[in-house]
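*Asks:* What follows is a structure written as structure tokens; I'll ask about it next.
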Amino acid sequence: MPYAIASDQTKLHFEEAGKGTPLIFVHEFSGDARSWEAQMRFFSRRYRCIAFNARGYPPSDVPHAQSKYSWRIAVDDIAGVLRHLGIRKAHIAGCSMGAYSALQFGLRYPAMALSVTALGAGAGSDPATRKAFLKNTEAHAQLFETIGTPAALKQRGFSTARIPQMLKDPRGFAEFRRIHESHSGTGLARVLRGVQAKRPPVYDLERELRGFRPPLLVMCGDGDDGSIGPALFIKRNCRNARLWICPASGHTLNTEEPELFNRNLLDFLTLVDSGRWKPRDPRSVNKSA
């Protein structure tokens, strides 16, 4: 089983398929590398694809110390996996928690990012609901570490943004739940406290987004209420960004609508790889609207 070694010696399990330009996938809180299977199969026909489990998600290490988990460390771990594989530059695609890490990777490691794709980024960013988000995050962390993952998931249920997939693809939804239930309760609690609760809201990144250098594709479902506002915010403030909103869809388009997700991502990557991707022309901005 292959592992990359992070800067603090944490082992990160990864999977690799295909040859060509590197494309690395960064998973959401409720998923892991398995969540990208539809993308690994599709894109490995054209790209060198890598998916890895974040720290806290076996078979990656689950460090005991809370200090081993932060949004900055999560971003550095992406760079660590790439360096372990001898990759200088790669396309970075992340979902939800992984989308935030991908965004920050584009800000902190722009020279290593051929492009960034952020799917479903921004949970907990709304100032009106920020306090409730932090309260729920801590409550969920306590559940995971005291009663374990399967029991915690049964007690807390699932978010409204998962309902579209549950309705249109019960089999895919059941697979998502099986993956989530297999996770370490200790690891999930550490990630909630160190990564999810501590990261700056997307709405605090306006200045940074205005200077964002890599090509950026922002994606979300129109039924993902927590991500639509941040997606529009990113698009408005980053002239390097393109935005795709998928109709009648929820939080994780890569598993809910894999064909649509793959085709839109492929179109974006093709533009970047062929040198035909361009930032937004300032003349197209309507300043009086």
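*Asks:* Would you list His84, His64 from fewest to most Cβ contacts within 10 Å? Each step should come with its number before you reach the end.
*Replies:* Details: His84 17, His64 10.
In order of increasing Cβ crowding within 10 Å: His64, His84.
*Asks:* Name the residue, out of Asp32, Asp273, Asp222, whose mean-square fluctuation peaks in a Gaussian network model built on the chain with Cα pairs under 10 Å.
*Replies:* The residue with the greatest mean-square fluctuation here is Asp273.
*Asks:* Put +1 on the Cβ of every Lys and Arg and -1 on every Asp and Glu Cβ in the range 3-279; which of Phe29, Gln165, Leu119 then has its Cα farthest towards the positive end of the dipole?
*Replies:* Result: Leu119, furthest along the dipole toward the positive end.
*Asks:* Next up: Which of the trypsin sites (Lys or Arg not before Pro) found in the range 194-289 are in a DSSP loop and have at most 13 neighbouring Cβ atoms, other than their own, within 10 Å? Before the final figure, lay out the partial values.
*Replies:* Details: sites: Lys198, Arg207, Arg210, Lys235, Arg236, Arg239, Arg242, Arg263, Arg276, Arg280, Arg283, Lys287; in loops: Lys198, Arg239, Arg276, Arg280, Lys287.
When the trypsin sites (Lys or Arg not before Pro) of the range 194-289 are filtered for loop state and at most 13 Cβ neighbours within 10 Å, Arg276, Arg280, Lys287 remain.
*Asks:* With helices defined as uninterrupted DSSP H runs, which ones in the chain have an alpha carbon span along their own long axis of at least 18 Å and mean Kyte-Doolittle hydropathy of at least -0.5? Don't skip to the answer; put the middle values down first.
*Replies:* Values: long enough: 71-84 (20 Å, 0.31); 130-147 (26 Å, -0.43); 225-237 (19 Å, -0.09); 258-273 (21 Å, 0.28).
Helix filter hits for the chain: 71-84, 130-147, 225-237, 258-273.
*Asks:* Still on this structure: Could you work out the helix-only [θ] at 222 nm for the chain, with each DSSP H run of four or more residues adding -39,500 (n - 2.57) and the total divided by the number of residues, to the nearest 500 deg cm²/dmol?
*Replies:* Values: 12 runs with 122 residues, N = 289.
After summing the helix terms and dividing by residue count, I get -12500 deg cm²/dmol.
*Asks:* Moving to a separate point now. How high is the relative contact order of the range 3-279, in percent, with contacts defined as C-alpha pairs under 8 Å that are six or more residues apart? Don't skip to the answer; put the middle values down first.
*Replies:* On the way: 546 pairs, mean separation 55.7, N = 277.
Dividing the mean separation by the residue count of the range 3-279 yields 20 percent.
*Asks:* Can you give me the distance in nm between label points at Arg210 and Phe158, each placed 7 Å from the Cα along the Cα-to-Cβ direction?
*Replies:* Each label point lies 7 Å from its Cα, and together they span 4.1 nm.
*Asks:* While we're on this one: Can you compute 3J(HN,Hα) from phi for each residue in the range 24-33, using the Karplus curve 6.51 cos²θ - 1.76 cosθ + 1.60 with θ = phi - 60°, rounded to whole Hz and x for Gly and Pro?
*Replies:* With coefficients 6.51, -1.76 and 1.60, one gets 10, 10, 10, 7, 7, 4, 7, x, 7, 4 Hz.
*Asks:* My understanding is that a pair violates if its Cα-Cα distance is over 18 Å; which of Lys235/Lys287; Lys11/Lys89; Lys235/Lys278 do that in this structure? Kindly include the intermediate steps, with their values, before the conclusion.
*Replies:* On the way: Lys235/Lys287 15 Å; Lys11/Lys89 21 Å; Lys235/Lys278 14 Å.
Violating the 18 Å limit, Cα to Cα: Lys11/Lys89.
*Asks:* Here is a further query. Show which lysines lie in cross-link reach of Lys135 when reach means a straight Cα distance below 16 angstrom and same-chain residues fewer than eight apart are skipped.
*Replies:* Lys198
*Asks:* Return the label of the correct value of Rg/Rh (Cα atoms, Kirkwood Rh), as calculated from the structure shown, out of (i) 0.97; (ii) 1.03; (iii) 0.94.
*Replies:* (iii)
*Asks:* Ranking Glu259, Glu206 by Cβ neighbours within 10 Å, fewest first, what do you get? Present the calculation step by step, with values, prior to reporting the outcome.
*Replies:* Numbers: Glu259 9, Glu206 13.
The most exposed by this proxy come first: Glu259, Glu206.
Readers should treat all values here as calculations from the given coordinates under stated rules, not as data from a laboratory. No experiment lies behind these values; they were computed from the predicted model shown. In this analysis, Cβ positions are derived from the backbone assuming ideal geometry, glycine residues included, and neighbour counts consider all displayed protein chains.
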